[in-house]
Amino acid sequence: MRRPVALRLHATLATAIVGIAVAVALPSPQASAAVGAATGYATQNGGTTGGAGGQTVRATTGTAIHAALCGRASSSTPIVIEVTGTINHGNTSKVSGSSCNTADGVIELKQISNVTIVGVGGGAVFDQLGIHIRDSRNIIIQNVTVRNVKKSGSPTSNGGDAIGMESTVRNVWVDHVTLEASGGESEGYDGLFDMKDDTQYVTLSYSILRNSGRGGLIGSSESDRSNGFVTFEHNLYENIDSRTPLLRGGVAHMFNNHYTGLRESGINSRAGARAKVENNYFRNSKDVLGTFYTNERGTWQVAGNVFDNVTWSATGNENYPAGPNPTSTTTVGIPYSYRLDGASCVPDIVRQTAGANTGLKVSNGSCSPQTPTPTTPAPTTPAPTTPPPTTTPPPGGGTNLSLASGAGADGSSKADGTSYGNVRDGNLGTYWSPAGSTGTVSIKWGSATTVSRVVIREPSGTSGSIGSWQLVNNDTGAVLASGSGAGQATFGATSLKKINFKINSSGGTPRVGEFETYAS
């Protein structure tokens with residue numbers, strides 16, 4: 001049994017009046033995360049936009065969060081949930097609906113997609129209540145505090161994880177959050193940030209993880225190696241026993257993080273894992289990198305790190321520290337662009353930017369904090385209205401035949417979590433994406449329909465990924481138009497039952513938000 005973490009802070013139990021579960025719609029027609037955009041691995045696999053393009057609602061209870069999820073048209077309808085106040089067991093209950101699968105005593109993001117949860121106002125605190133993400137994709141959590149979530153004792157929530165992800169989770173961005181416990185496993189706590197059972201394309205940025213026995217893991221056992229592609233940047237890990245994180249299989253990128261007071265071990269790369277560890281600052285800690293508690297070793301690539309008063313144990317059975325002079329044992333290619341602060345200034349820039357309620361500031365890559373431009377219009381007065389359409393009329397106007405009764409959609413192999421029907425639902429927050437860099441999506445009708453104009457729209461914040469394309473009359477194989485990039489194409493009026501949009505090249509992962517068809 002590992003010794004409990006020595007506490008520097010003692011979280012107090014918040015009391016809250018149990019309010020009525022009301023999610024208030026706000027007039028924000030093109031809402032997205034409060035500020036900024038995803039970074040790191042969350043930008044890959046089609047990107048992470050959360051509730052961009054959806055309605056914005058305000059919630060002051062956990063039940064209201066669930067009600068907002070359950071009140072959507074479908075489980076993939078985009079939504080931004082602005083949270084204020086204290087969310088706890090007393091105000092968090094299960095809500096039922098066709099677009100949700102919730103539970104009591106936990107914020108349940110299960111079998112859903114395209115959701116942003118962002119703290120606003122005086123702050124959002126999830127007190128003794130975890131956030132559980134399961135079988136879901138395209139989720140953003142920003143500017144919230146999650147504290148004292150327990151797996152034993154009372155009350156319990158989310159298996160003791162502050163934020164936990166499991167079972168086919170894709171594209172999650174967690175940003176400017178504070179995750180904290182009040183001890184280790186013997187006090188009833190588990191991990192602060194856990195990923196397991198096929199969780200991929202995740203970024204944790206500008207966040208604080210502290211006062212816990214376990215920082216987090218990627219993979220629940222030596223055989224759970226289907227997780228990975230996780231970025232940790234500009235985070236503070238403070239007063240933690242181990243797992244910052246524990247990485248079993250997969251790939252992780254750690255840069256510009258400040259680690260202080262790691263008592264037993266830090267980044268634990270094992271079971272074939274590969275970690276790129278660069279320009280981090282390690283202080284007053286032990287065994288901050290290596291393979292620990294197993295003989296199934298992992299690897300690492302190191303560069304630019306500072307080791308300040310770091311101690312290292314001797315190599316032995318189930319103990320393979322990277323130090324005292326860490327050198328690379330692998331190379332890890334990073335597919336996204338990023339800006340590195342010098343390691344010497346990391347403690348200062350992280351102090352100014354990390355955690356909830358710090359103004360959502362980020363580094364400019366030169367150790368200077370910057371406030372990103374807001375991407376969500378500030379809410380004014382509550383106005384429970386029907387959200388406006390998420391697409392604007394195309395040049396030339398007319399009726400979008402793709403939305404007509406009897407129209408349908410199909411195509412070539414689609415990427416995990418996307419749907420052909422998303423190109424004809426009038427919603428830019430949903431999309432179809434091919435399984436690879438090329439592919440075909442089609443609009444079809446039960447009887448011949450005359451088409452002479454097509455508008456291809458990409459989802460919000462993802463323009464530029466579509467390269468060369470052709471519009472093809474599926475009935476005859478004739479090429480009606482060709483070009484590059486999304487936009488409008490016109491051609492001679494053609495009567496057909498099915499029209500194909502064929503992507504022949506792309507700059508990344510192409511996504512089609514809407515495939516609109518018009519007669520003139």
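Before moving on, here are some points about what is shown:
- Over the residues of the chain, the helix contribution to mean residue ellipticity at 222 nm works out to -1000 deg cm²/dmol, using -39500 (n - 2.57) for each DSSP H run of at least 4.
- Relative contact order (percent, whole number), the chain, Cα cutoff 8 Å, 6+ residue spacing: 11 percent
- Across all directions, the average flat footprint of the convex hull enclosing the Cα atoms of the stretch 408-520 is 6.1 nm².
- Ordering of 101-112, 60-71 by packing [mean C-beta count within 10 Å, highest first]: 60-71, 101-112
- Judged by the gyration tensor of its Cα atoms, with axes a ≥ b ≥ c, the stretch 237-276 is oblate; a/c meets the 1.5 cut and b/c is at least as large as a/b.
- Each principal axis of the Cα atoms in the stretch 185-272 has its own extent, and those three values, largest first, are 30, 29, 18 angstrom.
- Across the protein chains, with a 1.4 Å probe defining accessible surface, the residues TRP469, TRP312 rank TRP312, TRP469 from largest area downward.
- For the chain, the alpha carbon positions stretch 76, 53, 41 Å along the principal axes, listed from largest to smallest.
- Using C-alpha pairs below 8 Å separated by at least 6 residues, the relative contact order for the stretch 132-172 is 56 percent.
- FRET E, pair THR438, ARG351, Förster distance 56 Å, beta-carbon r, rounded to 0.05: 0.75
- Rounded accessible area of GLU458 (nearest 10 Å², 1.4 Å probe): 30 Å²
- In Å², nearest 10: area of PHE193 left accessible to a 1.4 Å probe: 10 Å²
- Each label point was placed 7 Å from the Cα along the Cα-to-Cβ direction; for VAL479 and SER99 their separation is 4.1 nm.
- Set LYS110/LYS196; LYS151/LYS286; LYS151/LYS196 screened for pairs whose C-alpha atoms are more than 25 Å apart: LYS151/LYS286
- The stretch 94-221 shape via C-alpha gyration tensor axes, a/c threshold 1.5: rounded
- Gain on full stretching of the segment that runs from LYS498 to SER468 - 0.36 nm per residue minus C-alpha separation: 8.8 nm
- For the stretch 125-140, 3J(HN,Hα) per residue [Karplus equation, 6.51 cos²θ - 1.76 cosθ + 1.60, θ = phi - 60°, Hz, x = Gly/Pro]: 10, 9, 9, 6, 9, x, 10, 10, 10, 9, 6, 9, 8, 6, 10, 10
- Overall form of the stretch 78-160 per C-alpha gyration tensor (a/c, 1.5; a/b vs b/c): oblate
- Estimated FRET transfer efficiency when R0 is 35 angstrom, pair ASN295-SER344 (beta carbons, to 0.05): 0.50
The values are calculated or read from the model by the stated rules, or taken from the named source; none is laboratory data. This structure is a prediction, so every number in the text was calculated from the model and none was measured. Note that each Cβ is placed from the backbone with ideal geometry, even for glycine, and that neighbours are counted across all protein chains shown. With ligands, DNA and RNA removed, areas are computed over all heavy atoms of the protein, side chains included. Shrake-Rupley method; radii C 1.70, N 1.55, O 1.52, S 1.80 Å.
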